[in-house]
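Encoded as structure tokens, the structure appears first; notes follow it.
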Amino acid sequence: MPMKRIVAIVMLCCLLPLGALAAQPPKAKKMPAKRTAVAKPTKKAAAPHKKAGNGAFIVISKKDLNLRVYSRDSVLLAQYPACLSKNKGDKQRKGDMKTPESPAGKPFKITAIQDASTWKHDFKDGRGNILAYGHWFLRLETPGHSGIGIHGSTNNESSVPGRASEGCIRLRDADIITLKEKYAYVGMPVIIKSESQGLFPWEKK
């Protein structure tokens, strides 16, 4: 075989793999996988705030002229000086200037918590119709009597503690706000003792 032909065959054999490789389609580039948007978990709504004294009850002492707040386990939570009625004894009728006393085992209850910041009253003492109830009026369910509640003492703060009301229970303006904000709730039991009644046995602990 002529030398030139042999060289041609060798060169052809060497070139064939290169051509074959060149003929192959380029490898597809790997595209990054698309990220699927993941919804962020929504924050749970905060649980409604519970008052520190929720489930608590109130004891009002005519003898000691104070209002005490106790937990459901009879632990003293707060104490405020109070002004009670001008006249002593259990309320019998409207206008007798007496604070009603709750029967044994049957406490009164708070039926409404009302904004009394604009309420006025004429005490017939020459001052006219003046702001008199502080910011809040905690209305009490007192069977047989209406209009009795626990309230502030705007324009009458010097009467607390003492005996000067027409039947309601007066606290200092700052104290009625604290009582409402921290402890009071509709349905809260309220015990009002007589003048002769001292501490309950569990109050002495």
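The values are calculated or read from the model by the stated rules, or taken from the named source; none is laboratory data. Note that the structure is a prediction, hence the values are computed from the model and not measured. Positions of Cβ are backbone-derived with ideal geometry, glycine not excepted, and every protein chain shown enters the neighbour counts.
Structure above, values below:
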{"read-out": "Unique match (being of a type in the set (S, T, Y), within 26 Å of S71 (Cα to Cα) and buried (at least 21 other Cβ atoms within 10 Å of the Cβ)) among T178, T142, T111", "value": "T142"}
{"read-out": "Scope region 75-114; condition in a strand (DSSP E or B), in contact (Cβ under 8 Å) with a residue 24 or more places away in the chain and within 20 Å of D173 (Cα to Cα); matching residues", "value": "L77, A78, Y80, P81, C83, L84, S85, I110, A112, I113, Q114"}
{"read-out": "Tally of residues being assigned to a loop (DSSP other than H, G, I, E, B) and either of a type outside the set (S, T, N, Q) or under 20 Å from K193 (Cα atoms) (or both) across region 123-176", "value": "23"}
{"read-out": "Leading residue by the ranking (farthest from the chain's Cα centre (by Cα)) among those in region 190-202 that are outside any loop (DSSP other than H, G, I, E, B) and surrounded by fewer than 17 Cβ atoms within 10 Å (Cβ to Cβ)", "value": "P201"}
{"read-out": "Number of positions in region 60-76 that are within 28 Å of the chain's Cα centre (by Cα) and surrounded by 15 or more Cβ atoms within 10 Å (Cβ to Cβ)", "value": "9"}
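Residue-wise test of (1) crowded, with 21+ Cβ neighbours inside 10 Å; (2) at pLDDT below 95.
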{"site": "S85", "(1), (2)": "yes, no"}
{"site": "K91", "(1), (2)": "no, no"}
{"site": "E101", "(1), (2)": "no, no"}
{"site": "D125", "(1), (2)": "no, yes"}
{"site": "S158", "(1), (2)": "no, no"}
{"site": "G167", "(1), (2)": "yes, no"}
{"site": "R170", "(1), (2)": "yes, no"}
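Every residue, every condition in (1) touching a Gly at 6+ places or on another chain (Cβ under 7 Å); (2) among the polar types (S, T, N, Q), yes or no:
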residue	(1), (2)
K91	yes, no
F108	no, no
T111	no, yes
D115	no, no
T118	no, yes
A132	no, no
L140	yes, no
H151	yes, no
N155	no, yes
